[in-house]
Amino acid sequence: MENKIKKIIQIFSTSDVKHGLSIFGNEELEAVENLIEEKEGKLLIKCQIKDKYKIAKPEEIVRQLWIYRLLNEYNYPEKRIDVERVVYFGSRDSGLADAGREQLKFIDDAIEVTEE
């Protein structure tokens, strides 16, 4: 198995972050591994939603694994998924918002997708 996800293993090289992969299956890991490319000595991952490349850090790998699960296991519509959405409080931009671990755990435990 480790042979098929070499880039992900390289990105998750420290043991304190590897536990983040334990909830994902081989199919999910291999699919996201195929989104990773090396360009100019850097590992980049293609976002399944924005269709753009980002530096392949552990948190981006986990985000893409969740997106893969939402799209393929739960058949969640791609048009209803947004990543790094700008959040406004009052009249000023408060930066980018992202789902954290607890929100994603809730999604994994509770989501039900119905046909539109």
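The values are calculated or read from the model by the stated rules, or taken from the named source; none is laboratory data. Quick caveat: nothing in here was measured; it's all calculated off a predicted structure. Cβ placement follows ideal geometry from the backbone for every residue including glycine, while neighbour counts extend to all protein chains displayed. When the accessible area is computed, the model is the full protein with side chains, heavy atoms only, and any ligands, DNA or RNA have been set aside. Shrake-Rupley method; radii C 1.70, N 1.55, O 1.52, S 1.80 Å.
Compute the distance in nm between two label points, each set 7 Å from the Cα along the Cα-to-Cβ direction, one at E27 and one at C47.
In this crude label model, E27 to C47 measures out at 2.6 nm.
How many nm separate the modelled label positions at K57 and I81, each set 7 Å beyond the Cα in the direction of the Cβ?
2.0
Nothing charged except the Cβ atoms of Lys and Arg (+1) and of Asp and Glu (-1): what's the magnitude of the dipole of segment 1-87 about its Cα centre? Round to the nearest 20 debye.
Once rounded to the nearest 20, the dipole reads 240 debye.
Mind checking the per residue accessible area of segment 1-89 for me, 1.4 Å probe, whole number of Å²?
Per residue, segment 1-89 has an accessible area of 64 Å².
Can you give the accessible area of E37 in Å² (nearest 10), computed on protein heavy atoms with a 1.4 Å probe?
The accessible area comes out at roughly 70 Å².
Can you pull the accessible area of L71 for me, 1.4 Å probe, Å² to the nearest 10?
That residue has around 40 Å² of solvent-accessible surface.
Using a 1.4 Å probe on the protein heavy atoms only, what accessible surface does S22 show? Give it in Å² to the nearest 10.
90
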